[in-house]
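Colleague: This is the structure, below, for whatever I ask next.
The values are calculated or read from the model by the stated rules, or taken from the named source; none is laboratory data. Predicted model only: the values in this text are computed from it and were never measured. Because the Cβ atoms are built from the backbone with ideal geometry, glycine has one as well, and the counts that use them run over all protein chains shown. Each accessible area value is taken on the protein alone, full model and side chains, heavy atoms only, with ligands, DNA and RNA left out. Shrake-Rupley method; radii C 1.70, N 1.55, O 1.52, S 1.80 Å.
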Amino acid sequence: MNALRLERRILIISTAFVLILFGIAALAIDMFHVGLPTCLTDIKPFLKGEVITHSPDHFEVHYVSKMWAFDPEEIVVPAGATVDFYVSARDVTHGLVLLGTNLNLMAVPGVVNYARVKFDQPRNYKLLCHEFCGTGHERMAATVRVVDRATFDAAHAAPKPLEPTDPTYKLLEAKDCLTCHSIDGSESIGPTLKGILGRSVKLKGGGTAIADEAYLRESILKPEVKIVDGFDDVMPKPELTDEELKQILDYLKTLK
Ligand code: CUA
């Protein structure tokens, strides 16, 4: 057999294999409803970065890596703290290296990677992306600030808002609203509910809206219609009776 014929055969066979592979994948999706793996983008911990305090010297940090930033951009922990890092990516593969420590993790869409670091001394640590991830790669950085215990405690001694006793607050909790919306003004996965009534809202894709009662009603019942700029269309439609909806609307008006 001459070389040309051999090459042609190899080409035909490998093309056939690729087609069979795609065919099997299509069959699996269509007939057996096998889901293709996707990114973690709609799973709560990886929509937004988060710092969770387990005890005065044990913290858990969720880093979301995306083109081209880490969220959270800066975290502050006290010297002596043990920090559990959980990292993932929302778009492409990134990598995290925390200079001066052993932390070195890949941030891969659909995967959560983990490392634990104990910070003994006050010091600023630079977190950099070490995986080439596009044109803004070299700008991708964050900071871990380790401060002494007294500084940390002073910064965190601010009085917390009182635990609301309103029964509607409990309803909001039961309907999972408060997982993403705060009532104290802090932004989370969704916009804060504090002072929502009458607020001028910038919308994704341009335009503004005034958050009057009609807007609030629509945003609760059809959250996908108007998305607030800076947030994602991730709110599930809540199941509410007319009575519950009215109760919530009345409560929102009181959150000045
Ligand atoms: Cu992200 Cu390089």
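Colleague: If I go through region 57-70 residue by residue, how many of them are without any contact (Cβ under 8 Å) to a residue 40 or more places away in the chain and either away from the ligand (no atom under 16 Å from the Cβ) or open to solvent by less than 30 Å² (accessible area, probe 1.4 Å) (or both)?
Modeller: Result for region 57-70: 7.
Colleague: Let me ask something else about it. Check every one of the strands (runs of 3 or more DSSP E) wholly within region 87-149 and list those with 1 or more residues that are without any contact (Cβ under 8 Å) to a residue 40 or more places away in the chain and away from the ligand (no atom under 11 Å from the Cβ).
Modeller: Output list reads 104-107, 113-118, 123-129.
Colleague: Please specify each residue of region 85-119 satisfying the condition of being under 22 Å from H156 (Cα atoms) and open to solvent by less than 10 Å² (accessible area, probe 1.4 Å).
Modeller: Listed by number, the residues that qualify are F85, F119.
Colleague: Which of (1) open to solvent by less than 40 Å² (accessible area, probe 1.4 Å); (2) over 30 Å from D148 (Cβ atoms); (3) away from the ligand (no atom under 16 Å from the Cβ) does F32 not meet, given it meets every other one?
Modeller: The failed condition is (1).
Colleague: Looking for whichever is touching a strand residue (DSSP E or B) at 6+ places or on another chain (Cβ under 7 Å) and under 28 Å from L178 (Cα atoms) here; the options are P56, P109, P122. Which one fits?
Modeller: Result of the check over P56, P109, P122: P109.
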